[in-house]
Amino acid sequence: MTTTTATNYYEIVSQLPAGSELVLREQTWEDYENILEEVGEAGGLRISFDGRIVKIMTLSTRHEKYVRFFEMLITVLSLKLRKKILHFGSATMKASRNQRGSEPDCCFYVQNAEAVARKCSIDFSRDVPPDVVVEVDIHHDSLDKFEIYAALRVPEFWLYEGKKLKIYRLENQNYFEVEKSLALPILTAEILTDFLNRLDDSDQFEILLEFEKWLEEQK
């Protein structure tokens, strides 16, 4: 008789250092959902599935500093311009029909904010996807995320690679780099890069005040 030993992914992941990545190949949709159920509620993780590979990434404080600052920038913009923007953080986005899933560093609704304004939870297999997803690449790349987010029909993908932010727009199931955001046309890749890079040697609060001043100047 053959005995199958279940893998304790929670124990494995809990021993990973910050900023590392565990790659599990030849995985099925069922494997992915089981892993999500086992470790998905653990803090400081991002889990993705591209149809055959599950990646579990642990987060560093540096990574989280950029992600939280990203969200604060968008919140300042929302309040300053009186524009409804709804954040859904790193919510697990998955669709069984596409056999794809991911947890962005952050995501938000702009044009489709009203469609989800009164929802406490979102079923990404049925509900409209976020207008923008954001990935911050400090320790590992997000090249596999392009195909995943395209399958999930996300209109815009912002990717910050440590020194430069790039904006990608979905057209005919492929992402193409553009200079300006479609969701928030006031923002360009150059402007976002400028304010994000100031984190290297400036105080967050001061940068947010500078961003608020810049927004005022655009009126």
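The values are calculated or read from the model by the stated rules, or taken from the named source; none is laboratory data. A quick note: this is a predicted structure, and the numbers were derived from the prediction, not measured. Don't worry about glycine lacking a Cβ; one is built from the backbone with ideal geometry, like all the others, and counts go over all protein chains shown.
Does LEU208 fit the bill of being of a type outside the set (S, T, N, Q) and under 18 Å from the mean Cα position of the chain (by Cα)?
On the way: of a type outside the set (S, T, N, Q): yes; under 18 Å from the mean Cα position of the chain (by Cα): no.
Spelling it out, it is not the case that LEU208 is of a type outside the set (S, T, N, Q) and under 18 Å from the mean Cα position of the chain (by Cα).
Enumerate the pairs (first residue in segment 132-147 and more than 11 Å from ARG46 (Cβ to Cβ); second residue anywhere and assigned to a helix (DSSP H, G or I) and of a type in the set (A, V, I, L, M)) with beta-carbon separation below 8 Å, excluding pairs fewer than 6 apart on the same chain, so at least 6 apart or on different chains.
Here the result reads VAL134/VAL67, each pair linking segment 132-147 to a residue that is assigned to a helix (DSSP H, G or I) and of a type in the set (A, V, I, L, M).
Scan segment 101-143 for residues that are more than 24 Å from HIS63 (Cα to Cα) and of a type in the set (D, E, K, R) and report the count.
6
Residue-wise test of (1) of a type outside the set (Ser, Thr, Tyr); (2) touching a Ser or Thr at 6+ places or on another chain (Cβ under 9 Å); (3) over 25 Å from LEU79 (Cβ atoms); (4) at pLDDT below 95.
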position	(1), (2), (3), (4)
GLU135	yes, yes, no, no
GLU147	yes, no, yes, no
ALA150	yes, no, yes, no
VAL154	yes, no, no, no
GLU171	yes, no, yes, no
LYS180	yes, yes, no, no
LEU187	yes, yes, no, no
THR193	no, no, no, no
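Would you say GLU177 is surrounded by fewer than 16 Cβ atoms within 10 Å (Cβ to Cβ), assigned to a helix (DSSP H, G or I) and out of contact with any Pro (no Cβ under 6 Å at 6 or more places or on another chain)? Step through it out loud before you land on a result.
Values: surrounded by fewer than 16 Cβ atoms within 10 Å (Cβ to Cβ): yes; assigned to a helix (DSSP H, G or I): no; out of contact with any Pro (no Cβ under 6 Å at 6 or more places or on another chain): yes.
Here the answer is no, as GLU177 does not meet what is asked.
Report, ordered by the first and then the second residue, all pairs with beta carbons closer than 9 Å, sequence separation of six or more or different chains, a first member in segment 194-219 that is closer than 20 Å to LYS180 by Cα and in contact (Cβ under 8 Å) with a residue 24 or more places away in the chain, and a second member that is surrounded by 10 or more Cβ atoms within 10 Å (Cβ to Cβ) and of a type in the set (Ser, Thr, Tyr).
Final answer for the pair search is LEU196/TYR66; LEU196/TYR160.
Being buried (at least 18 other Cβ atoms within 10 Å of the Cβ), touching a residue at least 24 places away in the same chain (Cβ under 8 Å), farther than 24 Å from LYS119 by Cα and hydrophobic (A, V, I, L, M, F, W, C), is that true of even one residue in segment 30-44? Outline the logic, then answer.
Taking segment 30-44 as the starting set, the residues that turn out to be buried (at least 18 other Cβ atoms within 10 Å of the Cβ) are 32, 35-36, 39.
Applying the additional criterion that residues be touching a residue at least 24 places away in the same chain (Cβ under 8 Å) yields 32, 35-36, 39.
Still in the running and farther than 24 Å from LYS119 by Cα: 32, 35, 39.
Narrowing further to those that are hydrophobic (A, V, I, L, M, F, W, C): 35, 39.
Scanning segment 30-44, I find at least one residue that is buried (at least 18 other Cβ atoms within 10 Å of the Cβ), touching a residue at least 24 places away in the same chain (Cβ under 8 Å), farther than 24 Å from LYS119 by Cα and hydrophobic (A, V, I, L, M, F, W, C), so the answer is yes.
Confirm whether MET72 is within 30 Å of PHE195 (Cβ to Cβ) and at pLDDT 95 or above. Show your work before the answer.
Details: within 30 Å of PHE195 (Cβ to Cβ): yes; at pLDDT 95 or above: yes.
When the stated conditions are applied, MET72 passes them.
Only one of these is loosely packed, with under 13 Cβ neighbours inside 10 Å, under 30 Å from ASN197 (Cα atoms) and either at pLDDT 90 or above or among the aliphatic types (A, V, I, L, M) (or both): VAL23, VAL67. Name it. Break it down into steps so the answer makes sense when it comes.
Working: VAL67 fails: loosely packed, with under 13 Cβ neighbours inside 10 Å.
That would be VAL23, the only listed residue that is loosely packed, with under 13 Cβ neighbours inside 10 Å, under 30 Å from ASN197 (Cα atoms) and either at pLDDT 90 or above or among the aliphatic types (A, V, I, L, M) (or both).
Among the listed residues ARG126, ARG169, which satisfies the condition of being basic (Lys, Arg), within 26 Å of VAL54 (Cα to Cα) and assigned to a loop (DSSP other than H, G, I, E, B)? Reasoning before the result, please.
Numbers: ARG169 fails: assigned to a loop (DSSP other than H, G, I, E, B).
Every option except ARG126 fails the conditions.
Name the residues in segment 21-72 that are among the small types (Gly, Ala, Ser) and in contact with a Gly (Cβ under 6 Å, 6 or more places away or on another chain), would you? Break it down stepwise before answering.
Step one: of segment 21-72, the residues among the small types (Gly, Ala, Ser) are 40, 42-44, 48, 51, 60.
The one that is among the small types (Gly, Ala, Ser) and in contact with a Gly (Cβ under 6 Å, 6 or more places away or on another chain): SER60.
Being touching a Phe, Trp or Tyr at 6+ places or on another chain (Cβ under 9 Å) and part of a strand (DSSP E or B) narrows it down to one residue among GLY162, GLY101; which is it? Reasoning before the result, please.
Working: GLY162 fails: part of a strand (DSSP E or B).
Going through GLY162, GLY101 in turn, just one is touching a Phe, Trp or Tyr at 6+ places or on another chain (Cβ under 9 Å) and part of a strand (DSSP E or B): GLY101.
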